[in-house]
Amino acid sequence: MRDLPNDGPSLLGDEDPEPFEVVNREGGAHILLVCDHASNAVPHQLGHLGLDPETFDHHIGYDIGAAAVTRGLAQRLDAQAVLAGYSRLVIDVNRPPGHPHSIIPANDGIPVPGNQNLDEPAKRQRIRDIFEPYHDAVNRALARLWNRAAAPAILSVHSFSPRFGDKPRPWDIGVLWNRDPRIAVPLMEHLERFDLRVGDNEPYSGHDLAYTIDVHGAAAGIANVAIEINQDQLGTPGEILKWVDILSESVLPILDIPGLHRVERF
């Protein structure tokens, strides 16, 4: 067990993975890639949160294919990437602590027994050991880019399930943004050239809640966007490679747009 004498024992044991992974730390591109739901891992101490282990292979456990796309895109763009190390069911790092969906008691109609009736010390343990180290890593990665040149940009990679209740989700990819159009608008234009069904703030909206790009991007005045890829198109290495090709071709020209690497608040 990793000891934290000032705040009780750690949730994470020596056999558990780290709460984040940094890929291509010295990447030369002036953009940071992040993947909030990269992993379906659960700390050994929590078992499987009272669920069947197979539950974590589905979308409620993590964003299927998103980590592979992020790693491939980091290599193709020569960009640094930070990937979260644990399942969104343990704690969702794309939600602020205390939010109803931060440690969710049920997801997509499936109760999560290990998340129900948690006391404050148990919640704080997940925040301290998983949520905070991930966001600290994102801050450090951005600091390295700030020290290198002008304002960096940030792109968050997600995937979505095309089947959610009885509401159809026909898009191939969604572009999520709030007020800053510097990446989102040209990105949608580039993606549409590939004859894709591109959702503008679909199937989720950046106007609602996109914590990571809001707190690390919008709050700092740096260009930011999140993408959501249809998970049914990320099932094989060939499909992953196809999306890495599409996204790299779409993002590269945007990095040279005048004004992208400037602090602006919209």
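The values are calculated or read from the model by the stated rules, or taken from the named source; none is laboratory data. Worth saying up front: this structure is predicted, and the values here are computed from it rather than measured. Cβ sites come from the backbone with ideal geometry, for glycine too, and all protein chains shown count toward neighbours.
Among residues of the range 27-54 that are within 30 Å of Asn224 (Cβ to Cβ), those with a Cβ under 7 angstrom from a residue that is at pLDDT below 95 and among the small types (Gly, Ala, Ser), sequence gap 6+ or separate chain, pair up as His30/Ala149.
When Ile64, Ile91 are checked against the criterion of being closer than 29 Å to Leu255 by Cβ and either of a type in the set (Lys, Arg) or part of a loop (DSSP other than H, G, I, E, B) (or both), a single residue qualifies: Ile64.
If we scan the range 185-198, do we find a residue that is of a type in the set (A, V, I, L, M), within 28 Å of Pro133 (Cα to Cα) and out of contact with any Leu (no Cβ under 6 Å at 6 or more places or on another chain)? No, the range 185-198 contains no residue that is of a type in the set (A, V, I, L, M), within 28 Å of Pro133 (Cα to Cα) and out of contact with any Leu (no Cβ under 6 Å at 6 or more places or on another chain). When Asp214 is tested against (1) surrounded by fewer than 16 Cβ atoms within 10 Å (Cβ to Cβ); (2) free of Cβ contacts under 8 Å to residues at least 40 places away in the same chain; (3) outside any loop (DSSP other than H, G, I, E, B), just one condition goes unmet, and that condition is (1).
Which one is farthest from Ile246 (Cα to Cα), of the residues in the range 217-228 that are among the hydrophobic types (A, V, I, L, M, F, W, C) and outside any helix (DSSP H, G or I)?
Here is the first cut: in the range 217-228, the residues among the hydrophobic types (A, V, I, L, M, F, W, C) are 218-220, 222-223, 225-227.
Restricting the remaining residues to those that are outside any helix (DSSP H, G or I) gives 222-223, 225-227.
On the way: Ile222: 24, Ala223: 20, Val225: 16, Ala226: 15, Ile227: 13 Å.
Filtering first and then ranking leaves Ile222.
In contact (Cβ under 8 Å) with a residue 12 or more places away in the chain and crowded, with 20+ Cβ neighbours inside 10 Å: is that true of Gly61 in this structure? Walk me through it before giving the result.
Details: in contact (Cβ under 8 Å) with a residue 12 or more places away in the chain: yes; crowded, with 20+ Cβ neighbours inside 10 Å: yes.
Spelling it out, Gly61 is indeed in contact (Cβ under 8 Å) with a residue 12 or more places away in the chain and crowded, with 20+ Cβ neighbours inside 10 Å.
From the list Glu228, Glu202, the one residue that fits, being under 29 Å from Pro96 (Cα atoms), among the charged types (D, E, K, R) and in contact with a His (Cβ under 7 Å, 6 or more places away or on another chain), is Glu228.
Would it be correct to say that Arg76 is more than 20 Å from Ser161 (Cα to Cα), at pLDDT 95 or above, touching a Ser or Thr at 6+ places or on another chain (Cβ under 6 Å) and part of a helix (DSSP H, G or I)? Taking the combined requirement at face value, the residue satisfies it.
Out of the range 163-203, which residues are assigned to a loop (DSSP other than H, G, I, E, B) and either in contact with a Ser or Thr (Cβ under 6 Å, 6 or more places away or on another chain) or basic (Lys, Arg) (or both)?
Of all residues in the range 163-203, those assigned to a loop (DSSP other than H, G, I, E, B) come to 165-166, 169-172, 177-183, 193-197, 201-203.
Answer for the range 163-203, where residues must be assigned to a loop (DSSP other than H, G, I, E, B) and either in contact with a Ser or Thr (Cβ under 6 Å, 6 or more places away or on another chain) or basic (Lys, Arg) (or both): Arg169, Arg179, Arg182, Arg193, Arg197.
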